[in-house]
Amino acid sequence: MALKTSELNARLFAKADKRRATTVQEAQQAATDKAPFIELAIAGETTVSFELVRVPAADVASRTQVFEENAREQSFLNEMALSDILVTLKKSGQQYPAVGRWLDDGRIDVLDGSRRRMACIVAEQDFLVYVGKGISTRHAKYLSDVANAHKPLSLYERGKEMQAMLDRGEAIDQKDLAKVCNCSESLVSGALKAAALPLELLQAYPSVAELGRPTIVKLHKLFYTLEDNQQSALLKKLGEGNEPFWKAMPSQGVSRITRDVTLDIESWCAMQKEPETKASDVEELVAGNASYKRKGQSLSINIKKLSEEDASAILEYIQKTLG
């Protein structure tokens with residue numbers, strides 16, 4: 001079951017400032033109160049002291065970065081994909097601090113809270129983050145994975161993780177992946193198809209997390225039935241302009257914009273499959289009365305207002321010539 005952000009923080013924070021919280025409720029209250037220092041138990045193996053840092057809005061992008069092994073694709077985080085938290089953020093500010101670690105250059109590596117970080121950048125709000133020292137890459141990965149539980153990953157992001165598992169030999173095929181990941185084989189198939197799609201294609205959508213398996217399967221089929229040059233042309237079309245492709249849609253709302261983007265891609269792909277009309281396809285022989293079509297060694301003639309005598313003469317000529 002997906003965790004709420006409040007429940008997630010309560011699970012992560014085992015102890016809080018000098019109050020030495022020992023219950024979930026006390027830990028949750030410490031995070032809500034934005035206690036200046038919190039002790040965080042990581043994977044039950046080590047306890048790290050975190051201090052609450054407020055990063056000014058103008059410095060969030062430069063002073064912070066997202067943990068490189070975070071499964072969430074950061075390029076998908078736009079104002080539409082973040083709409084569920086932007087409203088509250090703009091109205092009341094950041095409710096729950098993120099979690100990060102100090103880097104050697106003084107910047108902050110965000111482990112839990114990449115969506116909150118980007119929302120603060122979009123909304124031009126200060127970013128609150130608990131930052132600790134001496135956190136290993138393994139423990140950083142643990143915090144990042146647990147944090148992602150409260151906002152499900154997109155099929156693309158899950159597919160990337162599944163493909164990595166296959167590459168590492170942690171699963172031998174899709175059926176094995178379904179068992180390891182505790183999900184259906186159809187979901188595994190859809191996720192792997194999503195992971196095989198180019199980022200430029202998925203970035204044409206307002207919220208990739210909202211793309212279901214049927215849409216992913218359709219996009220996969222559309223894209224991979226195109227020739228290489230057609231694939232390149234489609235991606236170029238989607239990347240034209242100064243704004244994301246989905247912003248050019250006249251509709252409103254994630255669902256309708258998503259539908260319109262898909263329809264536009266379908267229409268473009270269908271046009272690529274239509275046979276090209278050649279100048280020599282149909283030629284007029286006698287204006288309004290006779291025309292012919294030449295294709296390779298084949299010849300088709302269309303004659304109007306033809307008498308029986310003339311028709312017989314033409315047919316006789318053809319028979320003698322080709323017989």
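The values are calculated or read from the model by the stated rules, or taken from the named source; none is laboratory data. Small disclaimer: the values here were computed from a predicted structure and weren't measured. Methodologically, a virtual Cβ is constructed for each residue, glycine included, from the backbone with ideal geometry; neighbour enumeration extends over all protein chains shown.
Observations on the model:
- Considering segment 1-119, the qualifying helices (runs of 4 or more DSSP H), each wholly inside and each with 2 or more residues that are surrounded by 14 or more Cβ atoms within 10 Å (Cβ to Cβ) and modelled with pLDDT of 80 or more, run over 60-63, 83-92.
- Hey, Asp281 surrounded by 10 or more Cβ atoms within 10 Å (Cβ to Cβ) and assigned to a loop (DSSP other than H, G, I, E, B) or not: yes
- Top-ranked residue in segment 262-300 [being at pLDDT 85 or above and acidic (Asp, Glu); ranked as nearest to Asp310 (Cα to Cα)]: Glu266
- Any hit, segment 252-267, residues being touching a Gly at 6+ places or on another chain (Cβ under 7 Å) and among the β-branched types (Val, Ile, Thr): no
- Looking across segment 154-200, the residues that are part of a loop (DSSP other than H, G, I, E, B) and within 30 Å of Lys237 (Cβ to Cβ) come down to Ser154, Ala196, Leu197, Pro198.
- Selection over segment 225-253 of residues that are in a loop (DSSP other than H, G, I, E, B) and either within 16 Å of Cys269 (Cα to Cα) or modelled with pLDDT of 95 or more (or both) gives a count of 3.
- Test result for Lys273, of a type in the set (D, E, K, R) and within 30 Å of Leu322 (Cα to Cα): no
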